[in-house]
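> I am attaching a structure below and will ask some questions about it afterwards.
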Amino acid sequence: MSMMKKIEIDGKAVAFKASAAIPRIYRIKFQRDIYKDLSVLEKSIGDGDPEKSSLDLLTIGMVNDMFVESRNDEYKGWRKVATQEDFDRF
């Protein structure tokens, strides 16, 4: 059984579907606890007050980059880690 809800985003009705499997899927995909992440997100929004929000500087590109890079965190196949000298030569 799942829960369906339509919310309005930028003037468009968007359907959301959630079930009890969502926290498990989130943990499998991200190796993180969804409730802890949502708690941090809730605090950073600042009760909807734009003056208290720390999310104003995030763009969708930055979020996508963070997601892609997080997939590399556990990868053990890197042959060499770049040093400052490597960056200077680049």
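> Evaluate the following for residue 44: is it in a helix (DSSP H, G or I) and modelled with pLDDT under 75? So that I can check it myself, show each step before the final result.
On the way: in a helix (DSSP H, G or I): yes; modelled with pLDDT under 75: yes.
Criteria met by residue 44.
> How many residues are in a loop (DSSP other than H, G, I, E, B) and either under 17 Å from the mean Cα position of the chain (by Cα) or of a type in the set (Gly, Ala, Ser) (or both) when one looks only at the range 3-31?
Pass one, the range 3-31, residues in a loop (DSSP other than H, G, I, E, B): 10-11, 20-21, 31.
Checking which are either under 17 Å from the mean Cα position of the chain (by Cα) or of a type in the set (Gly, Ala, Ser) (or both) leaves us with 11, 20-21, 31.
Of the residues in the range 3-31, 4 are in a loop (DSSP other than H, G, I, E, B) and either under 17 Å from the mean Cα position of the chain (by Cα) or of a type in the set (Gly, Ala, Ser) (or both).
> Considering the range 49-90 alone, what residues qualify as being surrounded by 10 or more Cβ atoms within 10 Å (Cβ to Cβ), at pLDDT 75 or above and in a loop (DSSP other than H, G, I, E, B)?
Hit for the range 49-90 is 82, nothing else.
> Residue by residue through the range 1-28, note down the ones that are without any contact (Cβ under 8 Å) to a residue 12 or more places away in the chain and surrounded by 11 or more Cβ atoms within 10 Å (Cβ to Cβ).
Correct list: 24, 25, 26, 27.
The values are calculated or read from the model by the stated rules, or taken from the named source; none is laboratory data. Bear in mind that the values here come from a model prediction, so they are computed numbers and not experimental data. In this analysis, Cβ positions are derived from the backbone assuming ideal geometry, glycine residues included, and neighbour counts consider all displayed protein chains.
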